1. Please provide three numbers in whole Å: the alpha-carbon extents of the stretch 43-138 along the principal axes, with the largest listed first.
2. Between the stretch 177-206 and the stretch 363-410, what is the C-alpha centre distance in whole Å?
3. With the Cα gyration tensor of the stretch 144-301 in hand, give its eigenvalues times 5 under a square root as the equivalent ellipsoid semi-axes, listed largest first in whole angstrom.
4. Given the DSSP H assignment, sum -39500 (n - 2.57) over each helix run of at least 4 residues in the chain and divide by its residue total; what's the result at 222 nm in deg cm²/dmol, nearest 500?
5. Counting other beta carbons within 10 Å of each residue's own, what order do Val478, Val67 fall into, fewest first?
6. Please check the chain for the longest run free of GluC sites (Glu not before Pro) that are loop-located per DSSP (anything but H, G, I, E, B) and have at most 12 other Cβ atoms within 10 Å.
7. Under 5 Å between amide hydrogens, which residues at least 5 positions from Leu469 or on another chain qualify, with H placed 1.01 Å from N in the peptide plane?
8. Would you mind telling me the antiparallel percentage of the DSSP bridges in the chain, rounded to 5?
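Read-outs throughout are calculated quantities, based only on the coordinates presented, and are distinct from any laboratory measurement. Model, not experiment: these values are computed from the prediction. Every residue, glycine among them, receives a Cβ derived from its backbone with ideal geometry; neighbour counts consider all protein chains shown.
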Amino acid sequence: MDLFEFAGAASPEPSRPATEREASTRKPPSKKAVRAELKVFSISQVTRKIRFLLEASLGQVWVAGEVSNVRHQASGHTYFTLKDSDAQLSCVLFKGDARFVKLEIQNGMQLKAFGEITVYEARGQYQMIVKKLEQEGRGTLQARFEELKQRLHAEGLFASEKKKPIPPFPLTLAIVTSPTGAAVRDVLNVLERRAPWVKVIIAPVPVQGADAHAHIVHALELLSQQSGVSLPNLDTIIVCRGGGSIEDLWNFNEESVARAIYTCPIPVISAVGHEIDFTISDFVADLRAPTPSAAAELAVPNGESLARQLTDRRTALNSLVQRRLEQLRRQLDWHARGTLLREPERLIRERSMQLDSLAESLDRAAKYQIGQAKSRIAEARHALIQARPDRVLERRAMRLAALADRLDAAVTIQLKERKQMVATSTQLLKSLGPQSVFNRGFSLTTSEAGKPLSSTKAAPKGTVILTRLADGTLRSEVT
């Protein structure tokens with residue numbers, strides 16, 4: 001990695017003293033010229049004249065451009081810049097006029113502004129006091145920013161689960177930034193104050209300009225390749241620069257820079273611009289810091305805080321050790337004053353009696369447990385004998401024989417009862433049936449077809465009738 005190279009500015013050529021001839025040929029200044037030379041204007045007077053001329057010649061105008069470097073103040077005033085491809089104009093929208101503007105001014109917007117061109121005398125800077133604002137559309141750079149942001153987000157370059165953790169106690173840091181900017185001084189001051197033991201390696205790159213992004217990518221690749229080889233093992237890389245407009249910060253919105261940060265094996269902290277500035281490198285980095293100074297604070301621990309913590313823990317550890325030693329000392333004193341040293345034989349006798357008592361209790365418990373085990377074994381043996389197949393079959397055969405005897409007896413009883421019922425029913429049928437009536441001298445007369453006759457009208461002359469008697473049937477003809 002190249003070292004810093006500083007080149008001093010070339011000193012202007014010293015003025016050549018006038019020769020005597022030239023001095024002699026000069027005309028003495030006139031009194032009018034001398035009076036003119038003596039008239040000296042103050043800075044305020046010149047600036048005020050410029051303001052009067054500018055306001056008188058231009059007055060109130062409409063201008064159009066892209067918004068950048070927006071700053072909303074607590075006072076309610078809004079400062080921003082309108083720019084095109086060739087120039088830029090500082091603008092201020094005061095709180096009183098902001099009430100009538102329904103737009104939320106953001107970087108990248110295309111606006112038309114109406115107001116007065118004037119000079120801010122305190123800085124000698126011309127600016128526009130805006131009275132009205134109208135939106136024309138998004139700026140080209142802002143549109144490119146949103147398109148690249150959405151595309152890289154869809155690819156997963158912003159995924160939180162892919163971000164590497166920042167080492168809490170780094171030993172070596174690398175800073176990718178301009179070696180002459182205020183950002184590197186801020187970072188070094190914070191690192192020196194918080195963690196003076198951390199070794200810092202600066203990778204000098206331009207942070208603004210057409211090809212700055214290529215230098216940033218090269219620096220990241222070189223640090224990744226040389227870490228642990230020609231360089232110490234790098235724990236963290238800080239990519240930073242100071243604030244500026246969206247054009248000033250644009251190199252950190254280039255896709256090549258985003259992919260170089262994403263593929264870097266070393267954790268990267270991005271700190272580009274001010275707290276309100278966001279770049280693509282902020283989204284793809286492992287950690288985003290609002291400012292370069294904040295990046296340094298996030299990258300290293302606070303040495304003074306660590307020292308205080310070590311002191312507090314050393315004090316706590318000493319106190320803990322002292323309390324433990326005091327506790328052990330008290331235990332030792334208690335043992336020294338106890339029975340063990342004064343009457344060791346008595347202590348042994350007591351322990352011996354306790355041992356005998358415990359032995360008896362153990363013997364009783366063992367005998368009880370053995371007795372319980374024997375009972376369980378006997379029960380299990382009896383259950384096993386009862387469960388033998390031949391015994392089971394024998395019991396089942398006996399039960400089957402008993403059931404057969406009961407079945408035979410039940411069948412015999414049922415047959416006897418059924419026979420008695422049949423005999424009784426037969427006798428009843430004989431006593432109540434038609435045969436007994438016939439035996440007593442009654443008869444039944446029917447037609448030849450067997451239809452009973454209950455009236456003489458049903459048997460006219462010539463009708464064949466049948467008369468049933470006790471011992472047979474008579475066939476007759478009605479005459």
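1. Principal extents (Cα only, largest first): 39, 31, 20 Å.
2. First find each Cα centre; the distance between them is then 95 Å.
3. Over the Cα atoms of the stretch 144-301, the ellipsoid semi-axes are 22, 17, 15 Å.
4. Rounded to the nearest 500, it is -16000 deg cm²/dmol.
5. Val478, Val67
6. Working: sites that count: Glu5, Glu104, Glu275, Glu448.
Within the chain, the longest run free of exposed GluC sites (Glu not before Pro) spans 276-447.
7. Leu474
8. Numbers: 40 of 60 bridges.
Close to 65 percent.
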